[in-house]
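Asker: Submitted below is the structure of interest, expressed as structure tokens.
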Amino acid sequence: MAKSRVQPPRINTRRRKGRCYELAGRGQQLDPTWTLIHGYIAMLRNRNQSLLIAHAWLQKRGRVYDPVDDIVLRASEYTQQYGAEVVRRYPFARASRFVRKSEHWGPWHDDIPILIRGPVTDANATQFQSSL
């Protein structure tokens, strides 16, 4: 039996940078079987410095679709390559309610600041996650 591949929603746009919340939300509307994720990715990582930015992507059956980079990766690969940290998960019905109520694509909660600077270690990353 052939292994089924996870197909991302077809989002036709040329300009993707800076539109992660909108594109991930639109992608979920096109295929409600994906879960909308709000969290962080690391833009700069080394031993002494990390720059985390708020980001949105989609997840389904152990796969991640990043609509900004227009790629599908295993969730574990995405976490490793992008330093992804999940803060909130939104099934389709819940995300749709937030879009209608707020009249924007997100983020919808105050626990997702747009930018976090500073050294991030395993210890304080775990502390950061547990504080959310």
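Throughout, read-outs are computed from the coordinates displayed, never taken from laboratory work. All figures in this text were calculated on a predicted structure; none of them were measured in a lab.
Asker: Go through the range 81-88 residue by residue and turn each phi into a ³J(HN,Hα) via Karplus (6.51, -1.76, 1.60, θ = phi - 60°); whole Hz please, and just put x for glycine and proline.
Answerer: Rounded to whole hertz, the list is 6, 9, x, 5, 10, 7, 10, 9.
Asker: Please list the equivalent ellipsoid semi-axes of the range 8-89, computed as the square roots of five times the alpha-carbon gyration tensor eigenvalues, in descending order and whole angstrom.
Answerer: Details: eigenvalues 91, 38, 23 Å².
So the three semi-axes of the range 8-89 are 21, 14, 11 Å.
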